[in-house]
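Chemist: Have a look at this one.
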4 protein chains.
Amino acid sequence: METINIGVIGYGYWGPNLVRNFAEVPETQVVAVSDFQPEYLTKVLARYPSIQVTTNCQELFENPKIDAIAIATPVSTHFDLALAALRAGKHVLVSKPITATSAQARQLIEEAYRRQLVLMVDHTFIYTGAVRKIRELIVNQELANIYYYDSVRINLGLFQQDVNVIWDLAVHDLAIMDYVLPSKPVAVSCFGMSHIPGGHENISYLTLLFDTNLIAHIHVSWLAPVKIRRTLIGGEMKMIVYDDLEPSEKVKIYDKGITLTNNPENFYKMMVDYRLGDMLAPQLDITEPLYLEIQHFVDCIKTNNLPITDGQNGLQVVQILEAANQSMQQQGKLIKLKP
Amino acid sequence: METINIGVIGYGYWGPNLVRNFAEVPETQVVAVSDFQPEYLTKVLARYPSIQVTTNCQELFENPKIDAIAIATPVSTHFDLALAALRAGKHVLVSKPITATSAQARQLIEEAYRRQLVLMVDHTFIYTGAVRKIRELIVNQELANIYYYDSVRINLGLFQQDVNVIWDLAVHDLAIMDYVLPSKPVAVSCFGMSHIPGGHENISYLTLLFDTNLIAHIHVSWLAPVKIRRTLIGGEMKMIVYDDLEPSEKVKIYDKGITLTNNPENFYKMMVDYRLGDMLAPQLDITEPLYLEIQHFVDCIKTNNLPITDGQNGLQVVQILEAANQSMQQQGKLIKLKP
Amino acid sequence: METINIGVIGYGYWGPNLVRNFAEVPETQVVAVSDFQPEYLTKVLARYPSIQVTTNCQELFENPKIDAIAIATPVSTHFDLALAALRAGKHVLVSKPITATSAQARQLIEEAYRRQLVLMVDHTFIYTGAVRKIRELIVNQELANIYYYDSVRINLGLFQQDVNVIWDLAVHDLAIMDYVLPSKPVAVSCFGMSHIPGGHENISYLTLLFDTNLIAHIHVSWLAPVKIRRTLIGGEMKMIVYDDLEPSEKVKIYDKGITLTNNPENFYKMMVDYRLGDMLAPQLDITEPLYLEIQHFVDCIKTNNLPITDGQNGLQVVQILEAANQSMQQQGKLIKLKP
Amino acid sequence: METINIGVIGYGYWGPNLVRNFAEVPETQVVAVSDFQPEYLTKVLARYPSIQVTTNCQELFENPKIDAIAIATPVSTHFDLALAALRAGKHVLVSKPITATSAQARQLIEEAYRRQLVLMVDHTFIYTGAVRKIRELIVNQELANIYYYDSVRINLGLFQQDVNVIWDLAVHDLAIMDYVLPSKPVAVSCFGMSHIPGGHENISYLTLLFDTNLIAHIHVSWLAPVKIRRTLIGGEMKMIVYDDLEPSEKVKIYDKGITLTNNPENFYKMMVDYRLGDMLAPQLDITEPLYLEIQHFVDCIKTNNLPITDGQNGLQVVQILEAANQSMQQQGKLIKLKP
């Protein structure tokens, strides 16, 4: 079997993780890295002297040895770079969110489809043992009806220059929800606030409505004194707490809930009773998710299958982010999502 | 100095705490307790054989020895009971929220004012060491400008029969905000969902806007697998984490924040830098808050002063709850609050 | 069925809990309380006006209506009070540790045996849902061979006047071990230190050896800045973490361990591999343990059966404490325990 | 200034960290790595193609370009390798513990002294921001008299082949104690148990006595279901909790303690009162400790100064480990330590 040759664009925060994992996956090798900043390229050479480096990403598109391009640059550049890569006949793995607009995402999907190339978005969380376990529990109906999905993703974080906090952080939750929930949201309301003059929103609250009585809510912030990465998923039969900062018990499954009672009502009596049971923290696969993701990218290239996190998945997330931005500009006005 | 004689109406969940604390405060004594349920009265007698009990609260209003009435009954009954007590010339301490409507609250305030009686609402959290310390920090400008107030108050809780979850739980946060924040909210948006056929909303997300770039948000739920009581208050200079479930370090003050930088911008650089410093968990007064609250009630009766948690304070909270209900019925529509 | 009439001696820290629970258990009622301190008796009367109070405990022994005596006084007084009670024909429930010496414990056991009276020691932890669950797991061989029992029981605690920290705190662990472990210790080594001039040891480390490769260790302290109540029990198949401060998941069962491997050895290779599995936190009975303990006391009185925490159990614990004291005075010298 | 050329022996668990940090420190560069296992050398080449690799460490000693040797091999090989390196005129940085016996450590110290070479032991924790802060607090007398030092260092860990758990884990605590405590232990008692046929002790309890009323205790285990890295240091004025697993608040300083009271004694009264105050978690330097350690190694080579963690420091730790082993073989017999 032949090795797939990779070009990586962008060696800032995420690029080094891509290069390291592409180097470790047996079927791939990185042949070139490009970045605007020469000092980042020096770092590449220090660690991987055999990789070619350039400040001009055009060289990667033109390099006939390169089979696939991984893009780890600011969001505003995703579209141009991914489109150029596809047009040069390269498969593409692009950082989240896939593009800055849903129109751009649609164009990339079309381009990849026409050229029979793999277009995959780097929604890394989808490949974690925790998220895969949660999906398995939900698919197996262990929670029965799902009542709510609540995520808090906050810390004292890097203020991004080209996007606000929902495009930086809520994107993770939207990708996870798209993967684990059985239905799609139909409307979104979003509030956000900027505390930097002229800056993007750095704290935001996003509510998603569905056709059922499921409600989803995402709180993201770059301005919290403590780091929290905690998702609660409440179901009719069971409830899940997914705490990504727990070293070993990231997913806890509570056999808890409520049951309707038929007690004759009276002045103080409630209509419902608790149901309390065991809590189980299942053993999770701890393989590095980016490693699994790259293996999946390779498989899709070889089999010509659609990735789990394909362009359509990236588009779905961007559509919600666009609607959330629209809502945020109108002080939380409820925005309908197109099916 | 004379003892203040107390009548307590309602001996369900909260009433026993009232009776116990009125018994411990030296200047008060409970002379009578009423409840619809004879079995609750049996419990009163088992513990306090000298207290008179009755299923008819009218007897308390008519008892000339009783100086003040404490009401711990469902919300829907607060107005009638408090009004009757005031008209009988009794001072009133009423459970939160003060009434089921703002019109009722206004009428009680007027009645108390006309009769020169103390009308106090039992917003217990205001009397905790934690909340008093937070107010002190904010009043002393230790946080400088306040950027956000975020509260999560969830657990597998008792479904109330006559109110939804915001009237049961968010009421605490609204009372605390009213006490510690330097400004009042100007608009509210609220989403909620019921997961019991015909039941009140059991999960809710409430956003409050202000005239400044302060944003407040409250997440309340009766349907969470874990108990969380955590408030984050972010300021320009410092940030506070108030975790009411921490046994001894309930308030943590983080000397953290962001600072604007003048670095020449480039492709990846952010406009802001972190500021990281020490964390301090101050020693807090651990006197039972209800004890302090009752002492304050006594002081107000004796000095004819307005309580910290007076009718006006109760009204302010009910106005927001009413607007939140209104917003919830219109899928989060932003509702302006009257000044 | 007739009510069992109770006299309680000592109304300091623990006495009020005894009185409250004896009042709540349907088959018992407290008829008299004695204490040296008149102000404590005032508290009894304030809450329970129908209970007789006295500063002279002799009156309880002489009261023919009293069937059983509960003793909640300093350790040094246990023997005299319990002996007098037994000689007066009363059943006895005595606080832990049962007596100040093993000789005293033996004499009480004999006296109770001769008079056919129930002698029970108040090892409250034995009646908690957590400890009962742990015993069940061990009895059912879920852990297979037990490798270690490790307990840490520390906080900024009340310095006792008549006993050192092991007689105050390690007594709990020794009682629990006696109840849950399949074998008895054969030797003890103990180190302790006093940081108060002339005071008893306020920090101590106690090691227990068995006939197998089980090792037990108890760390107790009155001088720790944080409260810890955590026991680890390691078995061949499973391991338990019992954290008494966890609000709802006090017992966690880890399906973890080690397995011997047959890999050809080499320079860096280890002989053993981990085994990692799920963690389960079983739902526990949350009935107040003192309530269950008193019900058991009543049962034993009625059926003339030996209690779970009988005199023999109390003696076993005191023997180890005596040996530990002896070891502590000889700088940790290993002291053999008599079978 | 000239670059210091480094040879690294051993590329198993710790070697890659050494190579990475030597590569990042500006004044050092790794020129050669040796390991018995060819597959480890393949890993070196994959990351650092310019580094020479060999399975014969003799080549490193003979390489005239190499100024210093870093040794990251099993303990049993430390002495031979370090001695050979010193005799070849190379400075030495050797993993902990420095040697397998104190006699060996003394010989290395002498050899390094005679040849004017730097001999440094890799007690990495000494260079963490947490341990440096603790030493600063103790040196500045903020705790006043120190009452106890208690460390728990347990997890489901790698069973070592050539040493028991105290040589693997307690070595860290002994090095930290040597660095932060104002006095040296005078005697040691140690219990340990093996749960693998023919294996080394995998759980151990080590008690250290001093000339004062300071007591130290270390609990180490490779067989715990949860990971704990927690040290309590109790002083007369303040107490420290150092939890190495806390992401950001590793060191907490409690303004807590006890004070003697002059209250007239009575039946229940204690002789001491608590003192409760604030808790402070100071901001710590988060530079990677190995980076700082290597910078210090370079400084010592250039200035010919003794390192903080010099041979003497390594010897001190090994002497205690030897005495602990001796005690363990005699069931905890107290072993005097030579001054």
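Chemist: How high is the relative contact order of chain D, in percent, counting Cα pairs under 8 Å that sit 6 or more residues apart? Could the numbers behind the result be given before it?
Modeler: Details: 713 pairs, mean separation 63.1, N = 339.
In percent, rounded to a whole number, it is 19.
Chemist: Another question about this same structure. 7 Å from Cα along Cα→Cβ at both B:Lys184 and A:Glu62: what's the point-to-point distance in nm?
Modeler: 6.8 nm
Chemist: For the protein assembly as shown, what proportion of DSSP beta bridges, expressed in % and rounded to the nearest 5, is antiparallel?
Modeler: Working: 170 of 282 bridges.
Close to 60 percent.
Chemist: With the label 7 angstrom out along Cα to Cβ, how close does B:Ile196 come to the same site in each of the other copies, in nm, nearest first?
Modeler: 4.6, 5.1, 5.6
Chemist: While we're on this one: Please tell me the relative contact order of the stretch B:50-173 in percent, rounded to the nearest whole number, where contacts are Cα pairs under 8 Å and at least six residues apart. Let's see the in-between values first.
Modeler: Details: 119 pairs, mean separation 25.2, N = 124.
It rounds to 20 percent for the stretch B:50-173.
Chemist: Here's a follow-up. Would you list which aspartates and glutamates come within 13 Å of B:Lys302, measuring only between C-alpha atoms, while excluding same-chain residues fewer than 8 positions from it?
Modeler: Cross-link targets: B:Glu2, B:Glu27, B:Asp67.
Chemist: Same structure, new question: Taking all protein chains as present, what is the carbon and sulfur share of the accessible area of the protein assembly as shown, in % to the nearest whole number, probe 1.4 Å? Walk me through the intermediate numbers first.
Modeler: Values: 26640 of 53420 Å².
Carbon-and-sulfur percentage of accessible area, whole number: 50.
Chemist: Quick one: buried accessible area between A and B, total over both chains, 1.4 angstrom probe, nearest 100 Å²?
Modeler: On the way: alone 17130 and 17110 Å², together 28170 Å².
In total, chains A and B hide about 6100 Å² from solvent.
Chemist: Between D:Gln312 and B:Lys227, take the C-beta separation as r, use R0 = 45 Å, and let me know the FRET efficiency to the nearest 0.05. Walk me through the numbers on the way to the answer.
Modeler: Working: r = 53 Å, r/R0 = 1.17.
Efficiency, from the Cβ-Cβ distance: 0.30.
Chemist: Using a 7 Å offset from Cα along Cα-Cβ at B:Thr55, what residues in the stretch B:22-38 end up with backbone N under 18 Å from the label point?
Modeler: So the set is B:33-38.
Chemist: Here is a further query. In C, who owns the beta-carbon nearest the axis carrying C over to B, and how many Å from it?
Modeler: C:Pro49, 3
Chemist: Moving on to the next point. State whether the stretch B:102-243 is rounded, prolate or oblate according to the following rule on the C-alpha gyration tensor (a ≥ b ≥ c being the square roots of its eigenvalues): a/c under 1.5 gives rounded; otherwise a/b larger than b/c gives prolate, and the remaining case gives oblate.
Modeler: On the way: a/c = 1.71, a/b = 1.09, b/c = 1.57.
Here the stretch B:102-243 falls in the oblate category.
Chemist: Along each of the three principal axes of the Cα atoms of the stretch B:89-175, give the extent in whole Å, ordering the values from largest to smallest.
Modeler: 43, 35, 22
Chemist: Taking the alpha-carbon distance from A:Lys250 and a cut-off under 13 Å, which aspartates and glutamates remain once sequence neighbours fewer than 8 residues away in the same chain are dropped?
Modeler: Leaving aside aspartates and glutamates fewer than 8 places away in the same chain, those within reach of A:Lys250 are A:Asp285, C:Asp278.
Chemist: Follow-up. When the label point is put 7 Å from the Cα of A:Asn213 along its Cα-to-beta-carbon vector, which residues of the stretch B:195-217 have a backbone N closer than 18 Å?
Modeler: Inside the label zone: B:195-205.
Chemist: Sticking with this structure for a sec: What is the diffusion coefficient of chain A in µm²/s, taking the Kirkwood radius over Cα pairs and the Stokes-Einstein relation at 20 °C with a viscosity of 1.002 mPa s?
Modeler: Working: Rh = 21.4 Å.
Estimated via Stokes-Einstein, D reaches 100 µm²/s.
Chemist: Taking 1 over the mean of 1/r across every pair of different Cα atoms in the stretch B:136-212, what Kirkwood radius in Å do you get?
Modeler: Values: mean 1/r = 0.0704 Å⁻¹.
Across the stretch B:136-212, the inverse of the average 1/r is 14.2 Å.
Chemist: Next question. Any idea what angle helix D:38-47 forms with the longest principal axis of chain D, computed on alpha-carbon atoms, 0 to 90 degrees, nearest 10?
Modeler: The angle comes out at about 90 degrees.
Chemist: For chain A, find the longest principal axis of its Cα atoms and tell me its angle to the long axis of helix A:129-139, 0 to 90°, nearest 10.
Modeler: With rounding to tens, the tilt is 50 degrees.
Chemist: With +1 on each Lys and Arg Cβ and -1 on each Asp and Glu Cβ, how big is the dipole of the protein assembly as shown about its Cα centre, in debye rounded to the nearest 20?
Modeler: Working: 112 positive and 144 negative charges, 1 e Å.
In total the dipole reaches around 0 debye.
Chemist: Mind listing the long-range amide H neighbours of C:Asn145? Cut-off is under 5 Å, sequence gap 5 or more, other chains count too, H placed in the peptide plane at 1.01 Å from N.
Modeler: C:Glu236, C:Met237
Chemist: Another question, then. For B:Asp162 and B:Glu2, what does the FRET efficiency come to when R0 = 35 Å and r is the distance between their Cβ atoms, rounded to the nearest 0.05? Don't jump to the answer; show the numbers that get you there.
Modeler: Details: r = 37 Å, r/R0 = 1.06.
About 0.40, to the nearest 0.05.
Chemist: Residues of the stretch A:43-83 that become at least 20 Å² less accessible with every protein chain present than in their own chain isolated, using 1.4 Å: which are they?
Modeler: By number: A:Arg47, A:Tyr48, A:Pro49, A:Pro74.
Chemist: Relative to the compact-globule scaling 2.2 N^0.38 Å, provide the ratio for the alpha-carbon radius of gyration of the stretch A:21-125. Before the final figure, lay out each step's value.
Modeler: Numbers: Rg = 13.7 Å, N = 105, 2.2 N^0.38 = 12.9 Å.
For the stretch A:21-125, the normalised Cα radius of gyration is 1.06.
Chemist: At 1.4 Å probe radius, can you tell me the per residue accessible area of the protein assembly as shown in Å²? Don't jump to the answer; show the numbers that get you there.
Modeler: On the way: 53420 Å² over 1356 residues.
For the protein assembly as shown, the per-residue accessible area is 39 Å².
Chemist: Mind pulling up the Rg/Rh value for the stretch A:139-178? Radius of gyration and Kirkwood radius, both on Cα. Display every interim value, and only then the final one.
Modeler: On the way: Rg = 14.0 Å, Rh = 12.4 Å.
We get a ratio of 1.13 for the stretch A:139-178.
Chemist: Report, to the nearest 10°, how far helix D:289-303 tilts away from the longest principal axis of the Cα atoms in chain D, using its own Cα long axis and a range of 0 to 90°.
Modeler: 60 degrees
Chemist: Can you list, shortest first and in nm, the gaps between the label point of D:Gln116 and those of its counterparts in the other copies, using a point 7 Å from Cα in the C-beta direction?
Modeler: Label point to label point, same position, other copies: 7.4, 9.6, 9.7 nm.
Chemist: Counting only residues 5 or more places away or on other chains, whose amide H sits under 5 Å from the amide H of D:Glu201 once H atoms are built in the peptide plane?
Modeler: Here D:Val165 satisfy the definition.
Chemist: Next question, about the same structure. Could you pull the copy-to-copy label distances for A:Arg135, with points set 7 Å along Cα to Cβ, in nm to one decimal and sorted shortest first?
Modeler: In ascending order, 4.7, 5.0, 5.1 nm.
Chemist: Additional query: Counting only residues 5 or more places away or on other chains, whose amide H sits under 5 Å from the amide H of B:Ala70 once H atoms are built in the peptide plane?
Modeler: B:Gly7, B:Val8, B:Ile9, B:Leu93
Chemist: Need one word for the stretch B:2-82: rounded, prolate or oblate. Basis is the Cα gyration tensor (sqrt eigenvalues a ≥ b ≥ c); a/c below 1.5 gives rounded, then a/b vs b/c decides.
Modeler: Numbers: a/c = 1.41, a/b = 1.14, b/c = 1.23.
Verdict is rounded for the stretch B:2-82.
Chemist: Accessible area drop of at least 10 Å² (1.4 Å probe, protein heavy atoms): which residues of the stretch B:160-174 qualify, relative to the chain alone?
Modeler: B:Gln160, B:Gln161
Chemist: Then there's this: Hey, could you get me the Stokes-Einstein D for the protein assembly as shown, Kirkwood radius over alpha-carbon pairs, 4 °C and 1.567 mPa s, rounded to whole µm² s⁻¹?
Modeler: Working: Rh = 35.2 Å.
The diffusion coefficient I find is 37 µm²/s.
Chemist: Sort the stretch D:191-339 into rounded, prolate or oblate with this rule: let a ≥ b ≥ c be the square roots of the eigenvalues of the Cα gyration tensor; rounded if a/c is under 1.5, and if a/c is not under 1.5, prolate when a/b is larger than b/c, oblate otherwise.
Modeler: Working: a/c = 1.77, a/b = 1.24, b/c = 1.42.
Oblate, because a/c is 1.5 or more while a/b does not exceed b/c.
Chemist: Applying 1/(1 + (r/R0)^6) with R0 = 45 Å to the Cβ-Cβ distance of D:Arg87 and A:Gln37, what FRET efficiency is obtained, to the nearest 0.05?
Modeler: With a Förster radius of 45 Å, E is 0.45.
Chemist: In Å³ and rounded to a whole number, note down the convex hull volume per residue for the Cα atoms of the stretch D:270-339.
Modeler: Values: hull volume 16.7 nm³, N = 70.
It is 238 Å³ per residue.
Chemist: Got a sec? Which residues of the stretch D:234-251 lose 50 Å² or more of accessible surface with every protein chain in place, vs. that chain alone, 1.4 Å probe?
Modeler: Residues passing the criterion (a loss of at least 50 Å², heavy atoms only) are D:Met239, D:Glu249.
The values are calculated or read from the model by the stated rules, or taken from the named source; none is laboratory data. This one's a predicted model, so the numbers in the text were calculated from it and none came from an experiment. With ideal geometry, Cβ positions are generated from the backbone for all residues, glycine too; neighbour counts draw on all protein chains shown. What goes into the accessible areas is simple: the full protein's heavy atoms, side chains included, and nothing from ligands, DNA or RNA. Shrake-Rupley method; radii C 1.70, N 1.55, O 1.52, S 1.80 Å.
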